[in-house]
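Data block below; observations after.
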Amino acid sequence: MLAAYAATANDADPLAALEVGERPEPEVPAGWTTVTVKAASLNHHDVWSLRGVGLRAEQLPMILGCDAAGVDQDGNEVVVHGVIGDPAWSGEETLDPRRSLLSERHPGTFAEQVAVPRANLIPKPAELSFADAACLPTAWLTAYRMLFVRADAKPGSTVLVQGAGGGVSTAAIALGAAAGVRVWATSRSEEKRARALELGADRVFEIGARLPERVDAVLETVGEATWAHSLRSLKPGGALVVSGATSGEAPSAELMRVFFLQLRVLGSTMGSREELARLVQLCATSGVRPVIQETMPLADAARGFRAMVDGDVFGKIVFTMD
Ligand SMILES: NC(=O)c1ccc[n+]([C@@H]2O[C@H](COP(=O)([O-])OP(=O)(O)OC[C@H]3O[C@@H](n4cnc5c(N)ncnc54)[C@H](OP(=O)(O)O)[C@@H]3O)[C@@H](O)[C@H]2O)c1
């Protein structure tokens, strides 16, 4: 079957590690099933995988892709939850120390077929296209949990989203605006700031700009380039929710500011199957839809990866398998 996969790892030139070509169909462990993938969306995780983050040499080649929408073996349209828990784990799957994401231990979704645990399938509502649905399980689910669970944002809260253009960030802006949250956003690009306003942001700022007032929560995926600004932007007791570090993972901790202002630094990773089901329902009923920059055939995957590596993205890139 056709697949996009990490053939090697290359930190300096991740695209050199990408191949699009024939791979064997996935094995199907007991309790798992296969989904015929109709659409899968690109996440920064796939770029990290090409750079060698989280994949050992002996795991290569590895089919990339963490999220998908498609058709199950009974002909049902489904959304694929990408967090794979240990069957022995009884708590919430993101807290399972042995959990993985599709494309980390098991082949991912950038392929015509993907094998997944049966329990990871969620019905796709007819209101959502396959491309829309394929954006939800990683970037959108991460934004949902950051905003509504970890930051506990309420209608009328003010939340700053750093780096407006990304998949997670565009999701946070759209979901926050739909829920009555006052969303402020930063971006390196004037054009992306304008698009963030169209998406529902209340105000937009250059990276590092002084805000008119301090905010209840900051959603961070950028890391080093914005961390100090995130800490400076919070009200006393405010929450800095972090799920990514695209520009670097070791900024100054600024411990004095953290303890003196009683700031809360909260990590966040993906979300539960239940949260994904609620997110899917929210999109179906509210009319909120993922921002998709471009939908392209899987055969053109290298072009989509190039745009992401170059930071030339507003919203999501989706690969289709037909
Ligand atoms: N923990 C989890 O479960 C989880 C889930 C999803 C994503 N993530 C992580 O979150 C990050 C974003 O993921 P994504 O899929 O949304 O990626 P993406 O679509 O490629 O977005 C990248 C973002 O980073 C910003 N950015 C990049 N370099 C920057 C710099 N030097 N200065 C300022 N902003 C910069 C961009 O903002 P502008 O271009 O607007 O400035 C954009 O918002 C990645 O590191 C990813 O691994 C983690």
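The values are calculated or read from the model by the stated rules, or taken from the named source; none is laboratory data. Just so you know, these numbers come straight off a predicted model, no measurement behind them. Glycine gets a Cβ as well: all are built from the backbone with ideal geometry, and neighbour counts include every protein chain shown. These accessible areas exclude ligands, DNA and RNA; they are computed on the full protein's heavy atoms, side chains included. Shrake-Rupley method; radii C 1.70, N 1.55, O 1.52, S 1.80 Å.
Quick look at the numbers
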read-out	value
Test: residue in segment 214-234 that is loosely packed, with under 14 Cβ neighbours inside 10 Å and over 29 Å from R289 (Cβ atoms)	no
Some residue of segment 270-277 being open to solvent by 40 Å² or more (accessible area, probe 1.4 Å), in a loop (DSSP other than H, G, I, E, B) and under 25 Å from D46 (Cα atoms)	no
Filtered residues of segment 117-172 (kept if under 14 Å from V291 (Cβ atoms) and of a type in the set (D, E, K, R))	D132
Every residue from segment 213-236 that is under 22 Å from the mean Cα position of the chain (by Cα) and either more than 17 Å from A151 (Cα to Cα) or within 15 Å of the ligand (Cβ to nearest atom) (or both)	V218, L219, E220, T221, V222, G223, E224, A225, T226, W227, S230
Which numbered condition G54 misses (of (1) open to solvent by less than 60 Å² (accessible area, probe 1.4 Å); (2) at pLDDT below 95; (3) under 30 Å from D312 (Cβ atoms))	(1)
Hey, P87 more than 24 Å from V20 (Cβ to Cβ) and surrounded by fewer than 14 Cβ atoms within 10 Å (Cβ to Cβ) or not	yes
Residue, nearest to the ligand (Cβ to nearest atom), within segment 159-179, restricted to residues that are open to solvent by 10 Å² or more (accessible area, probe 1.4 Å) and more than 16 Å from the chain's Cα centre (by Cα)	A177
Failed item in (1) touching a Pro at 6+ places or on another chain (Cβ under 8 Å); (2) more than 14 Å from the ligand (Cβ to nearest atom); (3) within 27 Å of E191 (Cα to Cα); (4) not hydrophobic (A, V, I, L, M, F, W, C), with R289 passing the rest	(1)
Selected residue (only one of A284, A239 is in a helix (DSSP H, G or I), more than 10 Å from the ligand (Cβ to nearest atom) and in contact (Cβ under 8 Å) with a residue 40 or more places away in the chain)	A284
Residue count for segment 290-321, restricted to those that are farther than 15 Å from L50 by Cα, part of a helix (DSSP H, G or I) and of a type in the set (K, R)	0
Some residue of segment 131-139 being more than 14 Å from the ligand (Cβ to nearest atom) and surrounded by fewer than 23 Cβ atoms within 10 Å (Cβ to Cβ)	yes
Selection count, segment 182-192, where residues are more than 8 Å from the ligand (Cβ to nearest atom) and open to solvent by 10 Å² or more (accessible area, probe 1.4 Å)	3
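Residue by residue, here is whether (1) over 15 Å from the mean Cα position of the chain (by Cα); (2) within 23 Å of C283 (Cα to Cα) holds:
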| position | (1), (2) |
| --- | --- |
| E25 | yes, no |
| V35 | yes, yes |
| A40 | no, yes |
| D46 | no, no |
| L55 | yes, no |
| L64 | no, no |
| V79 | no, yes |
| D96 | yes, no |
| R105 | yes, no |
